[in-house]
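The values are calculated or read from the model by the stated rules, or taken from the named source; none is laboratory data. Here the structure is a predicted model, which is why all the values come from computation and not from measurement. Heads up, the Cβs are rebuilt from the backbone with ideal geometry, glycines too, and the neighbour counts pull from every protein chain shown. Just so you know, the surface numbers come from the protein's heavy atoms only, side chains and all, with ligands and any DNA or RNA stripped out. Shrake-Rupley method; radii C 1.70, N 1.55, O 1.52, S 1.80 Å.
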Amino acid sequence: MKKESKVFRINARGLYYKELNEKVHQAVNSGTEELVLDNVNGQRYIGDGLAGDVKITINGVPGNDLAVFMDGPTIVVNSNAQDGIGNTMNAGKIVVHGDVGDIAGHSMRGGKIYIRGSAGYRTGIHMKSYKDLYPVIIIGGTVRDFLGEYMAGGLIVVLGLNRERSQRSTVHSPQKKIKGYGLPTMDYRLVGNYCGTGMHGGTMYIRGDIEDYQLGKEVKKFRLNDEDDKMLGKYLKEYCACFSLDFKEVMDTDFVKLIPHTHRPYGRLYAY
Amino acid sequence: MAKRPTPTEFIIERDEGKCIACQVCVRMCSNDAHSYDPETDTVTSDSTKCVGCHFCETICPTGAIIIKRNPSEFKLNANWSAQVIRNITKQAETSGVLLTGMGCDKPYPVYWDHIVLNASQVTNPSIDPLREPMELRTYIGRKPDRIELTAHSPQSTEKNKIPSAMDYRLLTKLSPQLKLETPILFSAMSYGSISLNACISLARAAKEIGTFYNTGEGGLHKDLYEYGAHTIVQVASGRFGVHREYLEAGAAIEIKIGQGAKPGIGGHLPGEKVSEEISQTRMIPVGTDALSPAPHHDIYSIEDLKQLIFALKEATRYSKPVGVKISAVHNVAPIASGIVRAGADFVAIDGLRGGTGAAPTVIRDNVGIPIELAIAAVDNRLREEGIRNQASLIAAGGIRSSSDVIKAIALGADAVYIGTAALVAMGCNLCQRCYTGKCNWGIATQDPYLTKRLNPDIGTRRLVNLLRAWSLEIKEMLGGMGINAIESLRGNREQLRGVGLSDTDLKLLGIKPAGEAW
């Protein structure tokens, strides 16, 4: 049987998340390989527990838990996304052209999250890798406190691109556009405080520097070696291709590497 | 640091007249408490290494070994007991948090032992369950506020025909339910905290009896997928082993917020216990610490909990019940109310005496409230708010017998979880050293030399025997009350009376004192 290969569009306007997701499941079950969701406005759980290699493009802002438990598909969000994208995700790819909210990639075990803009608090919390599953989050802009808290595996990269280009405003940062909203100075900080608190596995690469006081006590800062450069390059090239960025320009600035002191942060806590 | 010698907790008594130096105890003891001296051809014992599990005593072919509590106690002191002195000594030596296993062993009041059941005399007939049908079947899941039936089907429009129940059809779409043949489930015990043979025993027994076992937060071993229809899969804060296929494999999903033995804290599975097999089910690299944080990172409120409940329902396309397990704490009733309103299909509540594979002793023994009071408080609250039907209530934490089960149900629970009782059925003697991973009974260990001591066929049989026996006893007690279905006892607190309880206790439990009629 010949597979249906044309693009299938769903108008999400006015649809409750349950109805929208039901339509998505029906489309995927009937063999659709490419889906476009238009007028998405806060509907939760898009791509929840979805398997296979379908590509879903989202026009509008998807709601919380985008791609939670996802196991394979690719999701492209053409604007911002909310909290909990890629929560406990196993495999697949999420590309967000705007900013994302808090806990992106919470307990993510595999797959990739590529964010063009900035990310909120507790990004990549308790990420873990397992065998050939290796989760990767790349944040084009800045990120708030508790980046990589409890991190047990995988890779987080923070680029801080919007700090340099903020004046040109291709940057998706509502805080700067809305006068008097929030703490605009926060946006200029590459990474927030308590970075890597409780970290016991995985790697972070930060483009630029991070002050020691911003790090969790479990984390150590290093220069990148050749192997790091190779690793970083592998994923950054793919990232840059997603957003039409110049890879060389992005690699122009020095990165620092953050890894944990120990894989056993609480090994000596108990009286046996 | 030099160890200060303290009197041992146990004394291994070996009857030299009976001992044939066969060395079974030497080979079997995982704590190396026995040793053989070839020069003298004698077996000797080191009481300092004994944990009091009684395994050697059980297997000694000549009955030469007896394990006794050490009669040489410290000076008797009601305040500074031997246990207190031992704990302080241990911490002075190690500077560590004291660990323990199983449930709280402090002598808090056990309310079950102050509650008595009713029986029929003269004015209403009792029922003999051996000769009359007795219904223990229980459904766990959300029940509708009201049901709609078709008026009656066309064939019954014949003149003068009185429609029977079979002529009606249910129009209301029911929420997914778990069907239990007896109101007892096996509590969450992870592969990792217990051996695979213990997990297989629980799974097979659940299948044979028609009930469910619970994976705990250790993921699902590949050999256990075949028991999926009798499995509750748990989603805890570490999200270990949680993936699409795991969620799809279970008959229900339980979000673990807390457990009775360690309310409010997370857990650490130390790296040395993460073997190749454990690593596969938890989906983490071999040898790394598995840290279960205290809260779920995505749950800081009831609204957040609702988000996870529905993320799980969406992930499984609304095909199975999603419940939430919490430990019984002071505010348990409003919390349970929030959980029900967040869309949980069942709420599991684990009381102060609930067991564990490893917990800080200070938490296990001092945090949380007894399950009896929690059941009463939650059932009251949900009734008052008119939402009791929206979720089932599973009570856990120190259920020791069929009478505890039936009292829990009369207080307002739909069913109970048993953990410790199931382990005891498989051989456990409650030495409380689960956290060492050296369980001589092959239950709380991953050492292949030890795990093969638990034969899953025998484990299954013993668990099935236990549930059959308890079910029969429950039927006997029900029949005695003149009740022929467990459904009719649920929340029926008139069948309970308190003995030796204060007015406040009686009020909180919602029961009358013994001696007071209806």
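Within the stretch B:69-90, does at least one residue satisfy the condition of being away from chain A (no Cβ under 14 Å), in a loop (DSSP other than H, G, I, E, B), among the aromatic types (Phe, Trp, Tyr) and open to solvent by less than 60 Å² (accessible area, probe 1.4 Å)? Looking through the stretch B:69-90, at least one residue is away from chain A (no Cβ under 14 Å), in a loop (DSSP other than H, G, I, E, B), among the aromatic types (Phe, Trp, Tyr) and open to solvent by less than 60 Å² (accessible area, probe 1.4 Å).
Restricting the stretch B:28-48 to residues that are among the charged types (D, E, K, R) and open to solvent by 90 Å² or more (accessible area, probe 1.4 Å) leaves a set whose member that is farthest from the chain's Cα centre (by Cα) is B:GLU39.
Only residues that are out of contact with any helix residue (DSSP H, G or I) (no Cβ under 9 Å at 6 or more places or on another chain) and of a type in the set (Val, Ile, Thr) were counted in the stretch B:365-404, giving 2. Taking the stretch B:264-302, which residues are open to solvent by 20 Å² or more (accessible area, probe 1.4 Å), part of a helix (DSSP H, G or I) and more than 10 Å from chain A (Cβ to nearest Cβ)? B:LYS273, B:GLU276, B:GLU277, B:ILE302, listed by residue number.
Taking the numbered list (1) assigned to a helix (DSSP H, G or I); (2) within 18 Å of B:ALA391 (Cβ to Cβ) in turn, B:GLU314 passes all entries but (2).
Does B:ALA119 qualify as being at pLDDT 95 or above, surrounded by fewer than 16 Cβ atoms within 10 Å (Cβ to Cβ), among the hydrophobic types (A, V, I, L, M, F, W, C) and outside the structural domain of B:MET477 (by TED's automatic domain parsing)? Answer is yes for this residue.
The residue that is farthest from B:ILE399 (Cα to Cα), among those in the stretch B:98-113 that are within 14 Å of chain A (Cβ to nearest Cβ) and within 19 Å of the chain's Cα centre (by Cα), is B:THR100. Entry remark, the stretch A:61-102: residues being open to solvent by 10 Å² or more (accessible area, probe 1.4 Å) and farther than 17 Å from A:ALA119 by Cα number 6 in total. In the stretch B:303-318, what count of residues is obtained for those that are at the interface with chain A (Cβ under 7 Å from one of its Cβ atoms) and among the acidic types (Asp, Glu)? Final tally of qualifying residues: 1.
Given B:SER193, B:SER201, B:SER175, which one is at pLDDT 95 or above, under 16 Å from the mean Cα position of the chain (by Cα) and either surrounded by fewer than 20 Cβ atoms within 10 Å (Cβ to Cβ) or hydroxyl-bearing (Ser, Thr, Tyr) (or both)? Spell out how you get there, then give the answer.
Numbers: B:SER193 fails: at pLDDT 95 or above; B:SER175 fails: under 16 Å from the mean Cα position of the chain (by Cα).
The match here is B:SER201.
Return the pair list, or none, for Cβ contacts closer than 8 Å from residues in the stretch A:249-272 that are within 11 Å of chain B (Cβ to nearest Cβ) and in contact (Cβ under 8 Å) with a residue 24 or more places away in the chain to residues that are open to solvent by 70 Å² or more (accessible area, probe 1.4 Å) and of a type in the set (Lys, Arg), at least 6 apart or on different chains. From the stretch A:249-272, the pairs are A:PRO260/A:LYS220. Do you know which of the residues in the stretch B:461-504 that are of a type in the set (Asp, Glu) and in contact (Cβ under 8 Å) with a residue 12 or more places away in the chain is least open to solvent (accessible area, probe 1.4 Å)? Going through the qualifying residues, I end up with B:GLU494. The residue pairs whose first member lies in the stretch B:376-400 and is closer than 15 Å to B:LEU509 by Cα, whose second member is in a loop (DSSP other than H, G, I, E, B), and whose beta carbons are closer than 6 Å, counting only pairs six or more residues apart or on different chains, are B:ALA376/B:GLY510; B:ASP379/B:GLY412; B:ASP379/B:GLY491; B:ALA395/B:ALA413. When you look at B:THR182, is it closer than 25 Å to B:ASP350 by Cβ and either open to solvent by less than 90 Å² (accessible area, probe 1.4 Å) or within 25 Å of the chain's Cα centre (by Cα) (or both), yes or no? Considered against the rule, which asks whether it is closer than 25 Å to B:ASP350 by Cβ and either open to solvent by less than 90 Å² (accessible area, probe 1.4 Å) or within 25 Å of the chain's Cα centre (by Cα) (or both), B:THR182 comes out as yes.
Looking across the stretch B:16-27, the residues that are outside any loop (DSSP other than H, G, I, E, B) and open to solvent by less than 60 Å² (accessible area, probe 1.4 Å) come down to B:VAL24, B:CYS25, B:VAL26. Annotation: of all residues in the stretch A:85-96 being touching a strand residue (DSSP E or B) at 6+ places or on another chain (Cβ under 8 Å), at negative phi and of a type outside the set (Lys, Arg), the one that is farthest from the other protein chains (Cβ to nearest Cβ) is A:VAL95.
Here is a yes/no grid of residues against (1) closer than 22 Å to B:PRO293 by Cβ; (2) part of a strand (DSSP E or B):
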| site | (1), (2) |
| --- | --- |
| A:ASN87 | yes, no |
| A:LYS93 | no, yes |
| A:ASP99 | no, no |
| A:HIS106 | yes, no |
| A:ILE113 | yes, yes |
| A:THR123 | yes, no |
| A:ASP145 | yes, no |
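Please enumerate the residues belonging to the stretch A:196-244 that are open to solvent by less than 70 Å² (accessible area, probe 1.4 Å), away from every other protein chain (no Cβ under 14 Å) and of a type in the set (A, V, I, L, M, F, W, C). Scanning the stretch A:196-244 gives A:MET204, A:ILE206, A:ILE210, A:LEU215, A:VAL219, A:LEU224, A:MET231, A:LEU232, A:LEU236, A:CYS240, A:CYS242, A:PHE243. Within the stretch B:447-476, the set of residues being in contact with a Ser or Thr (Cβ under 9 Å, 6 or more places away or on another chain) and hydrophobic (A, V, I, L, M, F, W, C) comprises B:LEU450, B:LEU454, B:ILE458, B:LEU463, B:LEU467, B:ALA469, B:TRP470, B:LEU472, B:ILE474. Every listed requirement among (1) more than 11 Å from chain B (Cβ to nearest Cβ); (2) in contact with a helix residue (DSSP H, G or I) (Cβ under 8 Å, 6 or more places away or on another chain); (3) aromatic (Phe, Trp, Tyr) is met by A:TYR16 save one, (2). Of the residues making up the stretch A:32-41, those that are assigned to a strand (DSSP E or B) and either on the phi > 0 side of the Ramachandran plot or open to solvent by 40 Å² or more (accessible area, probe 1.4 Å) (or both) number 3.
Restricting attention to the stretch B:226-263 and to residues that are more than 11 Å from chain A (Cβ to nearest Cβ) and hydroxyl-bearing (Ser, Thr, Tyr), the residue that is farthest from B:LYS325 (Cα to Cα) turns out to be B:TYR227.
Given the criterion charged (D, E, K, R) and not in a helix (DSSP H, G or I), identify the matching residue among B:GLU57, B:GLU13. Step through it out loud before you land on a result.
On the way: B:GLU57 fails: not in a helix (DSSP H, G or I).
Going through B:GLU57, B:GLU13 in turn, the sole match is B:GLU13.
Okay, residues lined up against (1) away from every other protein chain (no Cβ under 14 Å); (2) of a type in the set (S, T, N, Q); (3) in a strand (DSSP E or B):
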position: A:GLN43; (1), (2), (3): no, yes, no
position: A:GLY47; (1), (2), (3): no, no, no
position: A:ILE56; (1), (2), (3): yes, no, yes
position: A:ASN64; (1), (2), (3): no, yes, no
position: A:ALA67; (1), (2), (3): no, no, no
position: A:GLY72; (1), (2), (3): no, no, yes
position: A:ILE75; (1), (2), (3): yes, no, yes
position: A:SER79; (1), (2), (3): yes, yes, no
position: A:ASP83; (1), (2), (3): no, no, no
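Got at least one residue in the stretch B:388-399 being open to solvent by 50 Å² or more (accessible area, probe 1.4 Å) and of a type in the set (Lys, Arg)? Before you say what the answer is, go through the steps one by one.
Filtering the stretch B:388-399 down to residues open to solvent by 50 Å² or more (accessible area, probe 1.4 Å) leaves none.
Among the residues of the stretch B:388-399, not one is open to solvent by 50 Å² or more (accessible area, probe 1.4 Å) and of a type in the set (Lys, Arg), which makes the answer no.
When you look at B:ALA333, is it over 20 Å from the mean Cα position of the chain (by Cα) and away from chain A (no Cβ under 14 Å), yes or no? In short, yes.
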